[in-house]
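Participant: Once you've had a glance at the structure underneath, I'll fire off some questions.
The values are calculated or read from the model by the stated rules, or taken from the named source; none is laboratory data. Since the model is a prediction, treat every value here as computed from it, not as a measurement. Here Cβ is always computed from backbone atoms with ideal geometry, including for glycine, and neighbour counts include all displayed protein chains. Just so you know, the surface numbers come from the protein's heavy atoms only, side chains and all, with ligands and any DNA or RNA stripped out. Shrake-Rupley method; radii C 1.70, N 1.55, O 1.52, S 1.80 Å.
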Amino acid sequence: MTPRSEPLPFGATIGILGGGQLGRMSAHAAARLGYHSHVFTPEPASPGGEVASAVTIAAFEDAQALRAFCASVDVLTFEFENIPPAVLDVLDASGVPCRPGTQVLRIGQDRVLEKRFLGSMGIQVAPWGVVERAEDLDTMPFPAVLKTTRLGYDGRGQAKVENLTEARAALARLAPHPLVWEAYMPFSLEISAVGARDVDGTIAIFDITENRHRHHILDQSIVPANIDATTRAVAEAHIRRLLEGLNMVGVLALEMFVMPDGAVIANEIAPRPHNSGHWTMDACQVSQFDQHIRAVAGLPVLPPRRHADVVMQNLVGAEGAALWAAALADPASVPHWYGKAEIRPGRKLGHVNRLCALNAGVLPRSGA
């Protein structure tokens, strides 16, 4: 039997690029597992920096600060994929292990590379094409969705278009170019799969999640998802194939559409912990953040055991903040606040996991 790789020793430092809420929850997980965390962020007051062992506040383009950061940590990871390409070059040159690797980041932050990779893995995606100039819109089907190839999230950087006039206006409005177009998919359900792979290739997959969006932002994640065994098997096979194909070390999420005919269409990948996996923090013995830190630190990932049904409710903007007091008073709810000082429309401020008895079939489908 091949011996397992040696994990990082207790007290080692995990460098996290990005100081948002995913970095915050990753830093919490690192501390529980016996590690320090060092967050690199351009934000003077960030959710991740608030709880990390150390913080470097500098622009991602500050190569000197970035090199000093790399020299201070034992392994690197990241909490979001929209990192400037020049930063990835510095990480590659640092000699510090980066988990997942920077090539995974390059695919995850570029929708063209992402779609080509999904296709190479035999995973079905919506019909799509690249839009570099106005003439490229002439052969586009309608309705469609135009998206930036980079920097898009939570509905930002995209527009649904019904005709050529709307498409031309969206092309002028959206940046950076090029864009991609995707045929609009009249799906029945949105689901996601979250899985983890460790340095020795062991894979662990969480239960498939049913997702509901509001104003293009994830509103609720529901587990168990209202899907049949065939759909579940396809979704699990897709995430497994991607974890192996990317040689992933860490957590990966795949968003998918379930079509009326049962087809499962891949939408986007996220090579990091994902909003739709926040339910794992309270409904499983090991969360997505635990799994990510385990993999990054060279520890084995564990088979996740779900001990409750759960609805994860995002708290977004002032409307979400107004739900906080009720969540604190609800004995079935576990609230999580991200430490963001400013409440803005569309800003994720926290989430609440409302737990029910395992397989009770009585999940609440709305509200916090």
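Participant: For region 120-157, name all the residues that are open to solvent by less than 60 Å² (accessible area, probe 1.4 Å), in contact (Cβ under 8 Å) with a residue 40 or more places away in the chain and in a strand (DSSP E or B).
Facilitator: Of everything in region 120-157, those that are open to solvent by less than 60 Å² (accessible area, probe 1.4 Å), in contact (Cβ under 8 Å) with a residue 40 or more places away in the chain and in a strand (DSSP E or B) turn out to be Val125, Gly129, Val130, Val131, Ala144.
Participant: Can I ask one more? Between a first residue in region 179-190 that is closer than 15 Å to Arg116 by Cα and a second residue that is open to solvent by 30 Å² or more (accessible area, probe 1.4 Å), which pairs have beta carbons less than 7 Å apart while being 6 or more apart in sequence or on different chains?
Facilitator: Short answer, once both residue conditions are applied: Val180/Trp128; Val180/Val130; Trp181/Trp128; Glu182/Trp128.
Participant: Hey, another quick one. Which members of region 158-187 meet the condition of being under 24 Å from the mean Cα position of the chain (by Cα) and part of a loop (DSSP other than H, G, I, E, B)?
Facilitator: If the condition is that a residue be under 24 Å from the mean Cα position of the chain (by Cα) and part of a loop (DSSP other than H, G, I, E, B), then Leu174, Ala175, Pro176, His177, Pro178, Tyr184, Met185, Pro186, Phe187 are the ones that fit.
Participant: I'm checking my understanding of the structure. Among residues of region 214-239 that are within 17 Å of Leu254 (Cβ to Cβ) and without any contact (Cβ under 8 Å) to a residue 24 or more places away in the chain, which one is surrounded by the fewest Cβ atoms within 10 Å (Cβ to Cβ)?
Facilitator: Per the criteria, the residue is Ala233.
Participant: Restricting region 142-193 to residues that are of a type in the set (Lys, Arg) and out of contact with any helix residue (DSSP H, G or I) (no Cβ under 9 Å at 6 or more places or on another chain), which is farthest from Asn314 (Cα to Cα)?
Facilitator: So the residue we want is Arg173.
Participant: Scanning region 36-70 for residues that are open to solvent by 70 Å² or more (accessible area, probe 1.4 Å) and among the polar types (S, T, N, Q), which turns out farthest from the chain's Cα centre (by Cα)?
Facilitator: Gln64
Participant: Would you check which residues across region 1-48 are of a type in the set (S, T, N, Q) and under 24 Å from Thr280 (Cα atoms) and list them?
Facilitator: Gln21, Ser26, Ser37, Ser46
Participant: Which one is farthest from Asn275 (Cα to Cα) among residues in region 71-86 that are crowded, with 20+ Cβ neighbours inside 10 Å and either touching an Asp or Glu at 6+ places or on another chain (Cβ under 8 Å) or not hydrophobic (A, V, I, L, M, F, W, C) (or both)?
Facilitator: For region 71-86, the residue satisfying everything is Thr77.
Participant: What are the pairs with Cβ atoms under 8 angstrom where one residue, in region 10-37, is part of a loop (DSSP other than H, G, I, E, B) and the other, located anywhere, is open to solvent by less than 30 Å² (accessible area, probe 1.4 Å) and of a type in the set (Asp, Glu)? Sequence gap at least six, or different chains.
Facilitator: Partner pairs satisfying both residue conditions: Gly18/Glu79; Gly19/Glu79; Gly20/Glu79; Leu33/Asp290.
Participant: Restricting the first residue to region 70-86 and requiring it to be among the polar types (S, T, N, Q), which pairs with a second residue that is in a loop (DSSP other than H, G, I, E, B) and open to solvent by less than 20 Å² (accessible area, probe 1.4 Å) meet a Cβ separation below 6 Å and a spacing of at least six or different chains?
Facilitator: Matching pairs, first to second residue: Asn82/Gln109.
Participant: Okay, moving on. Does Glu162 meet the test of being modelled with pLDDT of 90 or more, out of contact with any strand residue (DSSP E or B) (no Cβ under 8 Å at 6 or more places or on another chain), farther than 30 Å from Ile239 by Cβ and open to solvent by 20 Å² or more (accessible area, probe 1.4 Å)?
Facilitator: yes
Participant: Could you list, in sequence order, all residues of region 240-258 that are surrounded by 23 or more Cβ atoms within 10 Å (Cβ to Cβ) and in a loop (DSSP other than H, G, I, E, B)?
Facilitator: Met248, Val249
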